[in-house]
There are 2 protein chains.
Amino acid sequence: MEIILEAGYTSIEGGVCAAKGFTANGLNCGLNPDPNKNDLGMIYSETVCDTAAVYTQNKVKGAPILVTKQNLDATGGKARAVIVNSKNANTCNRDGEEKAKQMCSLTAKALGIEANEVVVASTGVIGQILPIEPIRDHVEELAKGLSAENHIEAATAIMTTDTFKKETAVSFSLGGKTVRLGGMAKGSGMIHPNMATTLNFVTTDAAIDVNLLQKALSEVVKVTYNCLSIDGDTSTNDMVCVMANGLSDAPRITEENEDYKIFCRALYLVLMNLTRMLAKDGEGASKLLTCHCKGAKDQETAITLAKSVIGSALFKCAVFGEDANWGRILCALGYAPVDFDVDRVEVAFASVNGRVLVCKDGFGVEFSEEEAAKILSADEICVDIDLHQGDADAKAWGCDLTYDYVKINGDYRS
Amino acid sequence: MEIILEAGYTSIEGGVCAAKGFTANGLNCGLNPDPNKNDLGMIYSETVCDTAAVYTQNKVKGAPILVTKQNLDATGGKARAVIVNSKNANTCNRDGEEKAKQMCSLTAKALGIEANEVVVASTGVIGQILPIEPIRDHVEELAKGLSAENHIEAATAIMTTDTFKKETAVSFSLGGKTVRLGGMAKGSGMIHPNMATTLNFVTTDAAIDVNLLQKALSEVVKVTYNCLSIDGDTSTNDMVCVMANGLSDAPRITEENEDYKIFCRALYLVLMNLTRMLAKDGEGASKLLTCHCKGAKDQETAITLAKSVIGSALFKCAVFGEDANWGRILCALGYAPVDFDVDRVEVAFASVNGRVLVCKDGFGVEFSEEEAAKILSADEICVDIDLHQGDADAKAWGCDLTYDYVKINGDYRS
């Protein structure tokens, strides 16, 4: 799919290995019975990275989340490697923390680093004991195969019900030096806005103090991953992690100056595009849905309303049916937990096929059903909402609700 | 389906006409192009009724909601008739209030009562102009056909995507006199707990002060309709309305005494059973899902957690697939906005086919997948959750998420 960028930022290849000094790898260790599908991935940095992370806010947290948090707390936000498996979430298991720690120590041993310099993550079925043997028996092979080319192997190792791998990277200029920032992500169900909402790993060769990196990540996540909803379920294992190794030789960012803003925008562009990929590949999705809410009194209001539209099961079904049932948008705005004036709301549908106004001043307007159907037949649909009540705006991303979503989730464990 | 009752309450026929002095009717006036389907219904009481109502909390409110509220405010909670149509919600239309008022005055004229003694409701597509002519041309015929037998005509007139009509009634004893209370309801999409969550009309020949009737209704709705979720969408047009005409000759309830408690329990039983019917007939549903959360520190916690499980799209899909994916239950508990101790949670699946414990102390336990699949193959499934953290409990009702839900909602307007 098309990447959305801005002047000053160039799309580059390489995913999590786009930045200098990062290598990666992935393989099948046997957690996935299909030997052609990777299920274990690794990312490695030549040097220690300033590392920031945001985690799921679900009270039921996966053991890897707890262990990663302990590690980053112990090192003051320093890490050098990521180990991640799919097929098993290692969550709600009595031996979960023990297994997650074993994953760290096995990785550390294979790489010659400290165990608490490892970020660990798992994704898959909840409540099934994670067998450590397949990981133990393959972690050295995984480390040996680390290379800048193998970002693709790592990106495929974290896929669960994803139908395509999600990677993107940009280069930009900081203090006259070229800096790179890239990431990989997995979807594609149990995704709902509540802090981190999927597994995402971002690497950069920028140099930035860990507290500023954490601040940048939290701010950008608020308007990217947290504005994504596939099915309203907030996972137990979600994490977004950014590692900065400083190998670009660009000046270190130590305050919220112009360089910090340029860096934040790069992080936004990478996370926003990964968010769009996650929405496009939502379980069973046939269409990418963007809701752009503008004219709000503040950003919080815009975010809440845009998310409410994206989260409406009824509206998502209507989009699947290419039915311009805009009443369901008004309905979803109306039950969002924020105040706004219904009588000024304007709604339009837009896509590559055109744009049609369907509601003005909170009331329906006459429109051509034929034209609307043509607009809704596109793969990417935008719902434009103008509240006419201020200057703030926000976007949220999601997808339609289809037969395939039900099919995929009716029998996920087998 | 089987009605759940208690000692002292007897199931009786008659729906909204079970109580003395109430008649009803329904017919096709032409809003529904299928002449065999009723689309206009009426309920009438011989004498003025104390009338209480709860309304949707959606900020986008249907015009009939606004007009009913104005009427009941103007009369101090007195009403004698209900007029209700399906196929068109009369919401987000510039002339909506005018049309809703016309429905009241046409009804009043046909019945020889005051316009503000009429409760008006509409359900159907949002944002399409309601043609008043079909209603104007049929309201006299509707009034002429009022009878105690025609509760069925009224109950079918409010059906939208419902596959069966929802009616139930009970009789019970108050001060040595027999009292009757019955109701009808419609589903079956855009249903989510947020005050009233569907159209429901309840009639009784009990005599009760209007302020107590309102209190009873609000309390009972909290643990019945507000604990029902089909799809997470709170409608714009929902209303639960109770009319009490006092014709049973039972002593008037004027304080919160034993009679009040007996009345409240009757109201609970009728609304609870209607709630179960709505869940069972949720759009596309193949299974009725009940989540019973006990051992909570307070009722609010129990309600919130039970609702969160019932509302999880992923868990609903798993139930459709008859897959004992209990991890999704833990996940749904974890993202509910209340505090509880995950490490003490116990989860079991139950149905007519048996009961199986799947989680203890927040961790998975070994269980027979075969046995679990047998339990989940039943039409009605119960998820039993014990928090082991107090004495409060609550139930929530819902259904599985199926291909048919998507199909029904992909093209609802045509």
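The values are calculated or read from the model by the stated rules, or taken from the named source; none is laboratory data. Keep in mind that what you see is a predicted model, and the values were worked out from it rather than measured. Cβ: placed from backbone, ideal geometry, glycine included. Neighbour counts: every protein chain shown. In case anyone asks, the SASA skips ligands and DNA or RNA and just uses the protein heavy atoms, side chains included. Shrake-Rupley method; radii C 1.70, N 1.55, O 1.52, S 1.80 Å.
Hey, what's the Kirkwood Rh for segment B:267-414 if you take every pair of different alpha carbons, in angstrom?
So the Kirkwood estimate lands at 15.5 Å.
So what's Rg/Rh here for segment B:43-98, counting alpha carbon atoms and using the Kirkwood radius for Rh?
0.98
Pull out a ≥ b ≥ c, the square roots of the eigenvalues of the alpha-carbon gyration tensor of segment A:246-340, then state rounded if a/c is under 1.5, prolate if not and a/b is larger than b/c, and oblate in the remaining case.
Oblate, because a/c is 1.5 or more while a/b does not exceed b/c.
May I ask you to derive the relative contact order of chain A, considering only C-alpha pairs under 8 Å and at least 6 residues apart, and to give it as an integer percent?
Here the relative contact order equals 17 percent.
With the cut-off at 1.5 for a/c, could you classify segment A:1-144 from its C-alpha gyration tensor as rounded, prolate or oblate?
Verdict is rounded for segment A:1-144.
Nearest 20 debye, what's the magnitude of the dipole of the protein assembly as shown about its Cα centre given +1 on Lys and Arg Cβ and -1 on Asp and Glu Cβ?
Its charge dipole is roughly 300 debye.
Mind giving me the nanometre distance, one decimal, between the label points for B:I3 and B:K407, set 7 Å out from Cα along Cα→Cβ?
Distance between label points: 3.2 nm.
Could you check the spin-label model distance between A:K37 and A:R94? Points 7 Å from the Cα along Cα→Cβ, value in nm.
For the pair A:K37/A:R94, the computed spacing is 3.0 nm.
Hey, if you put +1 on the Cβ of every Lys and Arg and -1 on every Asp and Glu Cβ in segment B:38-113, which of B:V82, B:T68, B:C49 ends up farthest toward the positive end of that dipole?
Projecting each Cα onto the dipole axis, the largest value belongs to B:T68.
Angle check, please: helix B:63-75 long axis (alpha carbons) against the longest principal axis of chain B (alpha carbons), in degrees 0 to 90, nearest 10.
On a 0 to 90 degree scale, this one is about 70.
For segment A:263-414, with only Lys/Arg (+1) and Asp/Glu (-1) charged at the beta-carbon, what is the dipole magnitude about the Cα centre, in debye rounded to 20?
520
Tell me the Kirkwood hydrodynamic radius of the protein assembly as shown in angstroms, computed as one over the mean inverse distance between distinct C-alpha pairs.
Here the Kirkwood hydrodynamic radius works out to 28.1 Å.
Placing +1 on the Cβ of each Lys and Arg and -1 on the Cβ of each Asp and Glu in the protein assembly as shown, which of B:A350, B:L174, B:H151 has its Cα farthest towards the positive end of the resulting dipole?
So the residue furthest toward the plus end is B:L174.
Please give me the summed charge of the neighbours of A:A100: other residues whose Cβ is under 13 Å from its Cβ, Lys and Arg +1, Asp and Glu -1.
Charge balance in the 13 Å sphere: +2.
Taking the Cα centre of segment A:288-360 as the origin and placing charges on Cβ (Lys, Arg +1; Asp, Glu -1), which of A:L288, A:L314, A:A302 is farthest toward the positive end of the dipole?
A:L288
Among the GluC sites (Glu not before Pro) in segment B:197-287, which ones are in a DSSP loop with at most 14 other Cβ atoms within 10 Å of the Cβ? Mind listing them?
Sparse-neighbourhood loop GluC sites (Glu not before Pro): B:E255, B:E256.
Once phi is turned into ³J(HN,Hα) by the Karplus curve 6.51 cos²θ - 1.76 cosθ + 1.60 with θ = phi - 60°, what whole-Hz value does each residue of segment A:30-38 show in order, with x for glycine and proline?
x, 5, 8, x, 7, x, 8, 10, 5
Take the residue pairs A:K78/A:K101; B:K87/B:K109; B:K109/B:K186; A:K87/B:K407 and return only those whose Cα atoms are more than 20 Å apart.
B:K87/B:K109; B:K109/B:K186; A:K87/B:K407
Using the Karplus curve 6.51 cos²θ - 1.76 cosθ + 1.60 with θ = phi - 60°, what ³J(HN,Hα) values do you get for each residue of segment B:18-25, in whole Hz, with x for Gly and Pro?
Couplings: 5, 6, 4, x, 9, 10, 8, 6 Hz.
When chain B is modelled as a GNM with alpha-carbon springs shorter than 10 Å, which of B:G390, B:G30, B:G183 fluctuates the most?
The residue that fluctuates most here is B:G390.
Within segment B:304-407, which GluC sites (Glu not before Pro) sit in a loop by DSSP and count at most 13 neighbouring Cβ atoms inside 10 Å?
Taking segment B:304-407 and a limit of 13 other Cβ atoms within 10 Å, the loop GluC sites (Glu not before Pro) found are B:E366.
Count the net charge of all other residues whose Cβ sits under 9 Å from the Cβ of B:F340, scoring Lys and Arg as +1 and Asp and Glu as -1.
Around B:F340, the charge tally is +1.
In whole Å, what is the distance between the alpha-carbon centres of segment A:84-157 and segment A:22-79?
Computed from Cα coordinates, the inter-centre distance equals 7 Å.
Under a Cβ-Cβ cut-off of 9 Å, what is the net charge of the residues other than A:E117 that fall near it, where Lys and Arg count +1 and Asp and Glu count -1?
It works out to a net charge of +1.
Return the equivalent ellipsoid semi-axes of chain A as a descending list in whole Å, where each equals the square root of 5 times an eigenvalue of the C-alpha gyration tensor.
They are 37, 24, 18 Å, listed largest first.
If you wrap a convex hull around the C-alpha atoms of segment A:114-181 and split its volume per residue, what is the figure in Å³?
Measuring per residue, one finds 164 Å³ for the Cα hull of segment A:114-181.
Could you work out the relative contact order of segment B:288-414, using alpha carbon pairs under 8 angstrom and six or more residues apart, expressed as a whole percent?
43
Which value, in debye to the nearest 20, gives the size of the charge dipole of chain A about its Cα centre, when Lys and Arg are +1 and Asp and Glu are -1 at the Cβ?
920
Given the protein chains as shown and a 1.4 Å probe, how many square angstrom of B:L146 are accessible, to the nearest 10?
Here the accessible area works out near 30 Å².
What are the label-to-label distances in nm, one decimal and shortest first, from B:T75 to the same spot in the other copies, with labels 7 Å along Cα to Cβ?
7.2
Among DSSP bridges having both ends in segment A:63-197, what percentage is antiparallel? Round to the nearest 5.
Given both bridge residues lie in segment A:63-197, the antiparallel proportion sits at roughly 60 percent.
Quick one: work out the % antiparallel among DSSP beta bridges in chain B, nearest 5.
Approximately 75 percent, going by the DSSP bridge assignments.
Of the listed pairs A:K222/A:K316; B:K280/B:K374; B:K59/B:K261, which have alpha-carbon separations greater than 21 Å here?
Beyond 21 Å: A:K222/A:K316; B:K59/B:K261.
For segment B:1-79, what mean projected area does the convex hull of the alpha carbons give, in nm²?
8.6
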